[in-house]
Amino acid sequence: MASEDVPTRDKQLQSIHPSQPIQPRLQLEPLQQLQPVTCPTNEIVPTTRAQPLSQASNEIVPTTRDQPLTTTHSHLGEVPVVRSHPTTNVPGNLMNQPTNAIVPSSRSSQLMRGERHMFSTSDDSAIMKKIQYTHAPDGREFDVKPLLLIIQDIMYHATTTSHAMGAQSQDHINTWEEKAIHNGYSEILELLAYPIKKTNNELICKCSGGGDAHMITMALFHSLSSYTWEAKATIAFAAFAVSYGEFWLVAQLYTTNPLAKSVAVLEDIPEIMEHAEALKQKFEAVNNLSKAMLDVTECIIKFKELRSQSMYISPESPEMVSAAAHIPTAVYWTIRNIVTCSTTLLNIISLGHEYVASAAEARELNSLAHKLANIKEHLETQMALINQKTEERRQNDVFLALIQLLQTPHIDNMKILRALIYAKEDQLPLYDGTHKSRSSLDILRRKHVLLLISDLDMSHEELLILHKIDTESRQQPTRIESQYKVVWLPIVDRLSPWQDAKKKQFELVQNSMPWYSVAHPMMIDPAVIRFIKEIWGFNNKTQLVVLDPLGKESNRNALHMMWIWGSLAFPFTKAKEEALWREETWRIELLADSIDQNLFLWVKENKYICLYGGEDIEWIRKFTTTARAVANAARIPLEMLYVGKSDPKESVRRNNSIIQVEKLSHTLPDLTLIWFFWARLESMWHSKMQHGMTIENDPIRQEIMTMLSFDGSDQGWAVFSRGSHEMAKGNGDRIFQCLREYDRWKDKVVYPDGFVTTLNEQLHELHIPLHCSRLILPGTSGQIPEKVVCAECRRPVEKFIMYRCCNE
């Protein structure tokens, strides 16, 4: 069957006028006997094979109010003879339509029982062949999203009004109007107002005249043959929404508006609403079906957008072809259910409260909704596959482009920063932690930018130390070492939902930072996250990537430099790191830095300093008492400081309290500083590993590994230093035994400065045959040294893999 050419506007206007005959559009299967039918003009003509579907009604017989409109359902090609009767109760613009006749029905459920055939796969296949044959788009493309927004609003208010209007309705009105205006609804309505009106009239004529639901649906497909699939569904839905909306508009206003009251009286709406409770089940079933139709229509439109906008997947790809094959089915069942809803609405208007829906009819309507829900689910699954493929290819393109971008010279750093931090043109992508306000990326132009990369579980200790370093840098903003900006890039799992708990966690961390941060984690594209992980090596441990003023990568992780030297490591390049190590020697300032301000004073006064640690409080009591006695005997000024363990928990906190109460030594006022002492040692290990020097030819690295082995053991340990000069160290048993035997070697001390030198000699001479040393290397950097020697006996150690969970 070929569709007729689109008529001119004058002919179109004539075609909806009730005094003009409707031209035939559809060939029907032969009827077993020819009967006169009622045309839209009320003219009785003999039926032939070429008569339109709207003429499927037969003889005109008197009607009574208790006879419902009956739409019959049949298998394809089998059209039963249907009678129709004049009706009088038609809404709004339907009142001047021709009256047809209906078949008296002994059971009101006859309307829906024919729908049981529709779930047949073979029926669907035959239907699809027929509707594909009617599809002859003329090449015009319509953006029907604004139309769908209006339909959604009509159905929302109809659905809500049928129960009780909610307080949120005004917000809903504002929302859809803003969206529709933004999407240009005036232009699309101007283009589609006529086909909507024409389809509305067809629905009323054919559904009020009775007939086969499939054949009515096919007639609508012929009428809409020149439109695209999504336009067919939306136009037909809009046509139904006009009738449904008019019914509820009059029902809402007739008690307060004189015009609405007059119209309502003619349509007998007051009596219908007086018995609304009896019709509640029917209205709810229609509302559920309307919601299902909305969902499917929205999916159809989304697929159209997906198909037209996709740059990363071919229309011939299996995923796209599979989804496209289901669109005609979705459109057919959407329009088929529009026909069902239209007939149901006309039955309600025609019979009023006497048309009490049976539970079986409501179940049939719910079954139709279930069918549409299955179609929607299948379309969403197909589109999810397409989106997944599209997103994978898009991300791969962005990933490769980012690699290329960082390898390309630039005149400043803006291209790089805009690629890393995605933001729309009207967005300010940065959050200024100092002024608590939004900022543009221009604030970073031609600056050294330190990208602080972490997840939302960034440790409290890391934040405090970075805050301290940043504050010290800001106190002297004109220093060359202060000419950098820090930006936090929060890395979150894009697959997990962004819930309130995660949002609060992000805001809590963000508000604790005085530097800049990305305003929202979603501004970091998944392709950028992939780049950060695969190229920059991010593995959920805090990382500090440095970009120079031209956007060139200076250092993939300068956090170790920041921990060791603070802002003195500026501009945080590898060359600067090597230069700083060349200037370093193993001394108390390198080991302890600024964990306690007293250290600088002790060094300046050339005092003897003892740093010690461990968790055994009994050993701590014995060691501090013995060390104090030896210092008094040797007449040397000794200051002792407890630095605990690398994972300072409750045991270290208890030790701090006991040491303070019993005045055994100095303690650090905050456990964060204890953490920082050990974090600096770990950073030294990482930094040394990156420069590739072996433990045999790097004495600083040897000392670092010895300190880490002390922390890995269950014993205490101690380091002695004379000011900034010589140092001596030992584990708990060795250092305690050596101090306890001070009377044996005290005569070997060369005063006034030889105590530490002699102590070191005695520690090397003291032989402890049985020992067990452990070295727990920090982090998951992937850098494991091939050779490690024991801190006690200098022999190579065995290598094991250890998994540890310490939860006090």
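The values are calculated or read from the model by the stated rules, or taken from the named source; none is laboratory data. Everything numeric in this text was worked out from a predicted model, so none of it was measured. Only protein heavy atoms, including side chains, enter the accessible area calculation; ligands, DNA and RNA are left aside. Shrake-Rupley method; radii C 1.70, N 1.55, O 1.52, S 1.80 Å.
For segment 434-507, what number results from the quotient of the Cα radius of gyration and 2.2 N^0.38 Å?
Output field value: 1.30.
In whole Hz and in residue order, list the ³J(HN,Hα) couplings for segment 666-671 that follow from phi through the Karplus curve 6.51 cos²θ - 1.76 cosθ + 1.60, θ = phi - 60°; x for Gly and Pro.
7, 9, 7, x, 9, 5
5 Å is the cut-off here: which amide hydrogens, built 1.01 Å from N in the peptide plane, fall below it relative to residue 754, excluding neighbours closer than 5 in sequence?
Counting only residues 5 or more places away or on other chains, the set is empty.
Determine the gain in length on full extension of the stretch residue 479-residue 657; use 0.36 nm per residue of separation and subtract their C-alpha separation, reporting nm with one decimal.
Here the segment from residue 479 to residue 657 would lengthen by 60.1 nm.
Residue 519's amide H: which non-local residues (gap 5+, or another chain) put their own amide H closer than 5 Å, with H modeled 1.01 Å from N in plane and none for Pro or chain starts?
Answer set, sorted by chain and number: 430, 431.
Could you provide, to the nearest whole Å², the per residue accessible area of segment 591-648 with probe 1.4 Å?
In whole numbers, segment 591-648 has 40 Å² accessible per residue.
At a temperature of 4 °C and a viscosity of 1.567 mPa s, determine how fast segment 368-499 diffuses translationally according to Stokes-Einstein, using the Kirkwood radius over alpha-carbon pairs as Rh; express D in µm²/s, rounded to the nearest whole number.
69
On a 1.4 Å probe surface of the protein chains, which of 447, 645, 604 comes out largest in accessible area, and what is the full order?
Largest accessible area first, the list is 604, 447, 645.
When N counts the residues of segment 240-395, how does its alpha-carbon radius of gyration compare numerically with 2.2 N^0.38 Å, as a ratio?
Its radius of gyration relative to the 2.2 N^0.38 Å reference: 1.35.
Taking the full set of protein chains and a 1.4 angstrom probe, give the accessible area of residue 741 in square angstrom, rounded to the nearest 10.
Surface open to solvent at residue 741 totals about 60 Å².
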